[in-house]
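I have placed the structure first, in the form of structure tokens, so that the comments after it can refer back to it.
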Amino acid sequence: MPEQRNSPWVLDTRELGRRPGLSRKLERVIEAQSPIGVEGVIAVPKGAKVELDMLLESVVEGVLVTGTALAPVAGECARCLDPISPEDNDIEVEFTELFAYPDSITEETTDSDEVFRLVDDKVDLEPVVRDAIVLALPAAPLCRDDCPGLCPECGGRWADLGPDHRHETIDPRWAALTERFHTDRDA
């Protein structure tokens with residue numbers, strides 16, 4: 001974690017101490033250095049402010065971090081392809097993560113990818129918050145819950161086309177007869 005020391009996502013836990021039961025509330029607003037999610041589909045845009053409200057608790061095996069993250073999301077509606085603007089849409093997620101102390105039983109008995117570790121008494125919240133946000137984002141984002149989508153024939157937005165919009169389709173087996181009757185009527 002040496003390259004992460006100056007990251008705003010990294011918290012120093014030395015003030016908390018290692019006595020179980022000690023806790024500290026912490027609030028931070030952090031700018032997303034890269035999009036969180038799938039850019040172009042739905043994501044917290046790069047540069048967006050992520051508001052964190054957390055409680056750090058010293059427990060026997062490490063530091064337990066619980067909290068919420070609130071951030072704006074932007075993307076594209078899966079039905080009508082209209083943009084979903086960050087001004088209108090926020091996502092709020094909860095997270096809880098244990099950061100194990102070096103040489104603790106938890107650290108010794110778990111694989112490196114099963115639990116986060118404290119490194120130099122610091123915790124890196126970026127992967128925790130990123131995972132919580134990505135898992136909470138919808139797979140098919142909508143501009144509104146009742147978005148009617150697009151007409152499959154012409155690609156127009158149903159919301160703009162109105163209730164009388166339709167396309168006349170002729171069964172290809174009858175197409176030749178239709179052409180003949182239209183020609184006879186025109187003469």
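The values are calculated or read from the model by the stated rules, or taken from the named source; none is laboratory data. None of the values given here were measured: they were computed from a predicted structure. Methodologically, a virtual Cβ is constructed for each residue, glycine included, from the backbone with ideal geometry; neighbour enumeration extends over all protein chains shown. Note: accessible area is taken over every heavy atom of the protein model, side chains too, but ligands, DNA and RNA are not part of it. Shrake-Rupley method; radii C 1.70, N 1.55, O 1.52, S 1.80 Å.
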Pair list, Cβ < 8 Å and 6+ apart or interchain, from region 136-159 residues that are of a type in the set (Gly, Ala, Ser) to residues that are modelled with pLDDT of 80 or more and exposed (fewer than 13 other Cβ atoms within 10 Å of the Cβ) = 156/165
key: Residue ranges of helices (runs of 4 or more DSSP H) in region 115-187 with at least 1 members open to solvent by 90 Å² or more (accessible area, probe 1.4 Å) and farther than 21 Å from residue 81 by Cα   = 126-136, 175-186
request  = Working only within region 8-18, note down all residues that are under 19 Å from residue 67 (Cα atoms), open to solvent by less than 80 Å² (accessible area, probe 1.4 Å) and assigned to a loop (DSSP other than H, G, I, E, B).
outcome  = 8, 9, 13, 16
query = Right, residue 55: without any contact (Cβ under 8 Å) to a residue 40 or more places away in the chain and either among the β-branched types (Val, Ile, Thr) or part of a strand (DSSP E or B) (or both) or not?
reply = yes
ask   = Looking at region 39-46, is at least one residue closer than 16 Å to residue 128 by Cα and of a type in the set (D, E, K, R)?
value = no
query = Does region 61-75 hold any residues that are among the β-branched types (Val, Ile, Thr) and under 23 Å from residue 143 (Cβ atoms), and which are they?
reply = 73
remark   = Looking across region 24-37 at residues that are open to solvent by 40 Å² or more (accessible area, probe 1.4 Å) and in a strand (DSSP E or B), the single one that is farthest from residue 73 (Cα to Cα) is 24
key: Candidates 21, 47 - the one that is open to solvent by 50 Å² or more (accessible area, probe 1.4 Å) and either modelled with pLDDT of 95 or more or part of a loop (DSSP other than H, G, I, E, B) (or both)   = 21
